[in-house]
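Have a look at the structure below, then the notes.
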Amino acid sequence: MLFSSDAVANFINEHFEPVWESVRPVPMVTIDFGNGHKITRTLNGNIATHACNADGTVLDILPGVYTADVYRQQLEQLVLLHRFVASADSQGSGGPNATVRLKDYHEQQAGLLAKNRPPGMLVERTAGASILGVEKSVQLVAAGRSNRGVARVAAASAPAPGAEILAGWKELAEDTRINETVRRLQIHKKLAQLRSVKPTDVTKWLYKEVLHADLDDPYLGLKEILDKQYPFASEDGAKPK
């Protein structure tokens with residue numbers, strides 16, 4: 001859904017080097033109706049967007065699925081975050097000062113979210129002029145001090161009419177809200193504790209603790225749900241595998 005949006009796809013292609021990685025086989029479910037007819041479908045998976053610098057160090061993570069407009073806005077923030085971090089050090093985003101600035105950024109964002117306050121916003125400001133033209137810098141400011149404040153991030157496109165579409169949009173909007181509050185708080189806290197994190201360093205933690213999809217569980221947490229109303233679960237479980 002996110003990447004089918006032309007605005008999102010074009011922004012990613014323009015500002016990022018996109019890489020797709022599958023962290024486990026796609027789960028499939030098959031229903032055998034016993035009369036020679038079967039239906040096989042994929043189960044909805046989960047997704048996380050890692051923004052990394054040139055050496056693969058994670059700058060920030062967007063967990064789960066978003067409404068397309070909020071996702072695009074957060075991608076814009078990630079572009080500014082890369083510049084904000086890199087500008088702290090002459091070595092770029094991988095230097096020691098940049099590492100400290102990134103840690104401070106996550107600590108500040110986590111602190112605000114923990115108090116149920118909107119996180120800071122990264123904005124581009126004119127720093128001065130030179131023979132090369134207008135110079136700009138990226139600053140982290142309180143949400144209310146920018147026209148790109150949290151009110152814009154919390155907004156979403158008007159849903160299309162129709163009960164089914166409206167219900168689906170409401171679910172996606174609620175996922176977006178949870179992503180930008182509860183889940184981002186967990187992520188900011190985690191990244192503030194670590195240094196030079198690569199995606200593989202936090203993948204299992206992210207899916208288990210934030211997205212609630214334990215990659216080490218072959219049933220992805222669904223077995224208890226599937227067995228709850230199944231009268232023969234104990235007998236099936238006793239059979240040798």
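Quick note: the coordinates plus some simple rules give every number you see, no bench work behind them. These figures come from a predicted structure and were not determined experimentally. Note: ideal-geometry Cβ built from the backbone for every residue, glycine included; neighbour counts use all protein chains shown.
Shown for V70, V141, V19: other C-beta atoms within 10 Å of each C-beta, ranked fewest to most, produce the order V19, V141, V70.
Among H50, H188, sorting on how many other beta-carbon atoms sit within 10 Å of each Cβ, with the fewest leading, yields H50, H188.
Once the Cα-Cα distance is subtracted from the 0.36 nm per residue extended length, the A7 to V29 segment shows a gain of 4.6 nm.
Beyond 30 Å in Cα-Cα separation lie the following of the pairs K103/K170; K103/K223; K170/K208; K136/K204: K103/K170; K103/K223; K136/K204.
On full extension, the segment bounded by T203 and A54 gains 51.8 nm, given 0.36 nm per residue less the C-alpha separation. Given R0 = 45 Å, the distance between the Cβ atoms of R83 and L215 translates into a calculated FRET efficiency of 0.85.
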